[in-house]
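Where a number appears in this text, it was derived from the coordinates with a stated rule and is not lab data. Just so we're clear, the structure is a prediction, and the values are computed from it rather than from any experiment. Glycine gets a Cβ as well: all are built from the backbone with ideal geometry, and neighbour counts include every protein chain shown.
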Amino acid sequence: AQTVTQSQPEMSVQEAETVTLSCTYDTSESDYYLFWYKQPPSRQMILVIRQEAYKQQNATENRFSVNFQKAAKSFSLKISDSQLGDAAMYFCAAMDSNYQLIWGAGTKLIIKP
Amino acid sequence: NAGVTQTPKFRILKIGQSMTLQCTQDMNHNYMYWYRQDPGMGLKLIYYSVGAGITDKGEVPNGYNVSRSTTEDFPLRLELAAPSQTSVYFCASGYTSTYEQYFGPGTRLTVT
């Protein structure tokens, strides 16, 4: 069965600095999609970034970028110039062949002012 | 364009009661999903639908039922509520072409 592992229950970073959240996954699929979602205290799930496994280029969205290592099955999220509004739970998710998302347990990101 | 809407936002049920959580999307997405999120955990898939009239079980379907009579609506039915069903429930929808899922605001359900 496909699994997604986030090994950091909690991370903290100083405002304006850079932080990297880790995610590893296990899949037997050759083509798949990976996602990072953000869940602020409002509990709304917000898509941060998406990576298609067949694309070698790492996805970027403004201050958010990923380091996708397909052979290592690693999909980390880098947040540059951290802002107070980035404080949230961050979930890594992988799409399986049935179009279902398999979710990690989440990483709580704390931003220190 | 409201996206994905869910009602109610909060609900308290007594053990053995039943209720329906409503979910509607106005993006003409073919895929719809129901998840539950227990405290401090990620999301677990309850049921999903690939189109009107088609539903299938996810990881944790016991105690729940769904139907999909229209593209827009995907209600989740809880029969004989149990304390183990205390959770936050999220509805989501998406296209197969992008595989992104768009989430509703969630329903916090407490069963006592």
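Side notes on the structure shown:
- Chain B - Rg (one decimal) and Dmax (whole number), Cα, Å: 13.2, 41
- Take the Cα of residue A:31, step 7 Å toward its Cβ, do the same at residue A:8, and the gap between the two points is 3.2 nm.
- Those trypsin sites (Lys or Arg not before Pro) in region A:1-107 that DSSP places in a loop and that have at most 15 other beta carbons within 10 Å: A:43, A:55, A:63, A:70
- Ordered by the count of other Cβ atoms within 10 Å of each Cβ, fewest first, B:112, B:71 give B:112, B:71.
- Ascending count of other beta-carbon atoms within 10 Å, so fewest first, for B:35, B:102: B:102, B:35
- In region B:1-39, trypsin sites (Lys or Arg not before Pro) in a DSSP loop with at most 12 other beta-carbon atoms within 10 Å: B:9, B:14
- Diffusion coefficient (Stokes-Einstein, Kirkwood radius over C-alpha pairs, 4 °C, 1.567 mPa s) for chain A: 92 µm²/s, rounded to a whole number.
- Computed over neighbours whose Cβ is under 13 Å from that of residue A:18, the net charge equals -2, Lys and Arg +1, Asp and Glu -1.
- Spherically averaged projected area of the protein assembly as shown from its Cα convex hull (nm²): 12.4 nm²
- Each residue, residue B:28 and residue B:59, gets one label point 7 Å from its Cα in the Cβ direction; the gap between the two is 3.3 nm.
- Loop-located chymotrypsin sites (Phe, Trp or Tyr not before Pro) in region A:23-62 (DSSP state not H, G, I, E or B) with no more than 10 neighbouring Cβ atoms inside 10 Å: A:54.
- Each of residue B:110 and residue B:98 was given a label point 7 Å from its Cα along the Cα-to-Cβ line. The distance between the two points is 3.7 nm.
- Greater than 26 Å apart at Cα, pairs in A:38/B:9; B:14/B:44; A:70/A:112; A:78/A:112; A:38/A:70; A:78/B:57: A:70/A:112; A:78/B:57
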